[in-house]
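Undergrad: For reference, the structure I am asking about is given below.
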């Protein structure tokens with residue numbers, strides 16, 4: 001499995017010939033919209049920063065609402081969270097959870113139970129109608145993922161929102177992490193003894 005970050009809350013996840021996109025944005029983000037070949041597309045909210053499946057290549061199976069889905073060997077559960085949907089993905093024995101622009105550090109018992117203990121948690125950290133660094137750390141400690149990947153933070157070229165930098169989050173959680181181009185892993189690579197913070201360099205461009 002290869003995970004690539006395109007900035008904001010957008011990710012490309014690929015395993016074999018199957019590609020899944022999460023939250024592709026429109027040009028209103030001030031960035032070039034993602035255009036990669038896609039088989040499955042997940043949208044957490046109806047917003048220009050996360051709902052643009054039109055520019056994706058191919059004819060992806062698009063999911064925009066809560067429910068249980070299965071396609072191409074990927075199991076997906078959408079869970080309602082206010083006016084958006086968070087997603088839990090089971091793929092090749094790896095459990096992933098994408099929190100979208102979660103804006104509260106308090107999760108209901110029902111939501112917490114459905115999330116479980118994911119191998120990978122995509123968590124917003126930049127504030128502005130979403131979790132800030134302190135709140136993100138609280139949620140991470142609550143969920144206890146094996147790997148936490150911060151998202152929704154400031155980076156060069158993205159000026160639509162005045163988000164905090166990822167360094168603010170890293171300082172809050174007490175971690176030093178160099179940004180990587182992508183995360184490549186198999187189930188056996190998932191850490192078991194302690195949580196790992198993985199920062200991915202946004203591949204977005206203007």
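The values are calculated or read from the model by the stated rules, or taken from the named source; none is laboratory data. For clarity, every value in this text was computed on a predicted model and none was experimentally measured. Ideal geometry is used to build each Cβ from the backbone, glycine not excepted, and the neighbour counts take in all protein chains shown.
Undergrad: Which of the residues that make up segment 141-162 are within 27 Å of residue 92 (Cα to Cα), free of Cβ contacts under 8 Å to residues at least 60 places away in the same chain and buried (at least 21 other Cβ atoms within 10 Å of the Cβ)?
TA: Result: 145, 147, 148, 150.
Undergrad: Same structure, new question: Of the conditions (1) in contact with a helix residue (DSSP H, G or I) (Cβ under 7 Å, 6 or more places away or on another chain); (2) surrounded by 14 or more Cβ atoms within 10 Å (Cβ to Cβ), residue 99 fails just one. Which one is it?
TA: The single condition residue 99 does not satisfy is (1).
Undergrad: Whether any residue in segment 166-188 is touching a strand residue (DSSP E or B) at 6+ places or on another chain (Cβ under 8 Å), exposed (fewer than 14 other Cβ atoms within 10 Å of the Cβ) and in a helix (DSSP H, G or I) is what I want to check.
TA: Scanning segment 166-188 turns up at least one residue that is touching a strand residue (DSSP E or B) at 6+ places or on another chain (Cβ under 8 Å), exposed (fewer than 14 other Cβ atoms within 10 Å of the Cβ) and in a helix (DSSP H, G or I).
Undergrad: Cβ contacts < 9 Å: first residue at positive phi and at pLDDT below 95, restricted to segment 163-178; second residue surrounded by 17 or more Cβ atoms within 10 Å (Cβ to Cβ) and assigned to a helix (DSSP H, G or I), any location; separation 6+ or different chain. Result?
TA: If the second residue must be surrounded by 17 or more Cβ atoms within 10 Å (Cβ to Cβ) and assigned to a helix (DSSP H, G or I), the pairs left are 174/137.
Undergrad: Would you check which residues across segment 24-64 are touching a helix residue (DSSP H, G or I) at 6+ places or on another chain (Cβ under 8 Å), under 15 Å from residue 84 (Cα atoms) and without any contact (Cβ under 8 Å) to a residue 60 or more places away in the chain and list them?
TA: Passing the criteria: only 48.
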